[in-house]
Amino acid sequence: MRVRILGAGIVGLSVADELIRRGHDVTVVDPAPGSGASYAAAGMLSPAGEAWHGEEDLTRLCLSSLSLWPAFAARLGVPIHTRGTVLAGVDAGDVQQVERQLAVLDLAGVSYERLVRRELLAREPGLGRVAGGAYLAEDHSVDPRAVVAALLDRVGDRVGLDTDSFVPHESGSTDESAGRLETNTVTVIATGTRLPDPYSSLIRPVRGDVVRLRTQERVERTVRAWVHGEQVYVVPRTESDEVVVGATSEERDGPLLPTVEGVWRLLDSARRVLPALDRASVVEVTSRDRPGTADNLPLIGPTQEPGVVLAAGAYRNGVLLAPLIAQLVADHIETGSVEPAVDPRRFRMKEDG
Ligand code: GLY
């Protein structure tokens, strides 16, 4: 098949890599590869940490994608940080939130270790005043920027930067130059929060501010914490002294600029959980939109237009879900198979009326 992929973020590039491996003729178009949500992402591979009530299908897909990561990372030559994740609550209300999350994990059959303060400190000696929590042994992380760089290396000169053809898909057009398909070609739309019509209304941008710090004090594992009702995560990079602190979650538009309030809240929460971060240097503050959907599940598979396939809506789990999305899209292109939970046709698209 000839497959044209719109979007060279971690999802589009993973789809490209999988299709190239399977022998298809692939091109990728993006004016700025890897500059969207993949650029901001902390890179948590965290099905347990992200699990929440009513999202059983999403947790199942995240667990399934996690199992693909060791082979995927090995192929790309990027390390996975496998020291697990500490989940902590600072006050009694925060510990209650942790307990709610553990109840979700019980229902999903995901194992964890409940920890008292002393045990939490044994796992992560730099923790401050935490009251209780848990250890999520299977929640790992990668550096998404390293993943994107490795994917770009592999996909190579099949990536075009041509801005004119970035959003070429004109609904209802019969003109190939406007993105209409020949019968043996497929267009995969993996443009994050910016889907062309008639798909744009399927995505809701959810803004996230993220701060990158440099610290001399070692952070052993990813720490996810509730801090007086605020959520924060701190993800250490294995290869450097950088930690990623994230992330705000705001349903708002406007320029992609971090806000003072957002950054202040993140840093205030992070320094309460890991007090040594007071001495860290701020190296970067980034703001990007997550591609959310109405039910928080991705959109992977066919649309009402023949040959137009979505690989979109990965919301909070784009990095984690990338290898699974790649497989699902490639399987769909080759066999027509669709995973019902993520079938884009579960939503009405604009032209359906
Ligand atoms: N997966 C973490 C986030 O979206 O902030």
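The values are calculated or read from the model by the stated rules, or taken from the named source; none is laboratory data. Bear in mind that the values here come from a model prediction, so they are computed numbers and not experimental data. Reconstructed Cβ throughout: ideal geometry from the backbone, glycine too, with neighbour counts over all protein chains shown.
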Margin query: Within region 238-245, does at least one residue satisfy the condition of being in contact with a His (Cβ under 7 Å, 6 or more places away or on another chain) and surrounded by fewer than 20 Cβ atoms within 10 Å (Cβ to Cβ)?
Written below: yes
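Thr191 - would you say it is buried (at least 17 other Cβ atoms within 10 Å of the Cβ), within 16 Å of the ligand (Cβ to nearest atom) and in a loop (DSSP other than H, G, I, E, B)? Even if it seems obvious, please write down each step before you answer.
Numbers: buried (at least 17 other Cβ atoms within 10 Å of the Cβ): yes; within 16 Å of the ligand (Cβ to nearest atom): no; in a loop (DSSP other than H, G, I, E, B): yes.
Taking the combined requirement at face value, the residue does not satisfy it.
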Next item on the list: Please name all residue pairs, on different chains or six or more residues apart, with Cβ atoms under 7 Å, provided the first residue is in region 194-219 and is over 17 Å from Ala37 (Cα atoms) and the second residue is within 14 Å of the ligand (Cβ to nearest atom) and outside any loop (DSSP other than H, G, I, E, B).
Entry: Leu213/Val245; Val219/Val234
Check: What residue, of Trp69, Trp52, is at pLDDT below 95 and closer than 28 Å to Thr238 by Cβ?
Finding: Trp52
Checklist line | Of all residues making up region 324-342, the number that are of a type outside the set (D, E, K, R), touching a helix residue (DSSP H, G or I) at 6+ places or on another chain (Cβ under 9 Å) and away from the ligand (no atom under 16 Å from the Cβ) | finding: 11
Next item on the list: Would you point out the residue of region 117-161, among those that are of a type in the set (Val, Ile, Thr) and within 23 Å of Glu217 (Cα to Cα), that is farthest from the chain's Cα centre (by Cα)?
Entry: Val130
Next item on the list: Among the numbered conditions (1) buried (at least 18 other Cβ atoms within 10 Å of the Cβ); (2) of a type outside the set (D, E, K, R); (3) within 23 Å of Gly318 (Cα to Cα); (4) modelled with pLDDT of 95 or more, tell me where Gly132 comes up short.
Entry: (3)
Next item on the list: Working carefully through the options Asp25, Asp30, find the one that is without any contact (Cβ under 8 Å) to a residue 40 or more places away in the chain and more than 30 Å from Glu99 (Cα to Cα).
Entry: Asp25
Next item on the list: Answer yes or no: is there a residue in region 93-106 that is at pLDDT 95 or above, assigned to a helix (DSSP H, G or I) and in contact with a helix residue (DSSP H, G or I) (Cβ under 6 Å, 6 or more places away or on another chain).
Entry: yes
Next item on the list: Might you check whether a residue that is among the aliphatic types (A, V, I, L, M) and outside any helix (DSSP H, G or I) occurs anywhere in region 312-323?
Entry: yes
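Could you count how many residues in region 203-225 are of a type in the set (A, V, I, L, M), away from the ligand (no atom under 15 Å from the Cβ) and in a loop (DSSP other than H, G, I, E, B)?
Matching residues across region 203-225 total 1.
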Next item on the list: Tell me which residues, restricted to region 226-260, are away from the ligand (no atom under 12 Å from the Cβ), in a strand (DSSP E or B) and closer than 29 Å to Ala294 by Cβ.
Entry: Trp226, Glu230
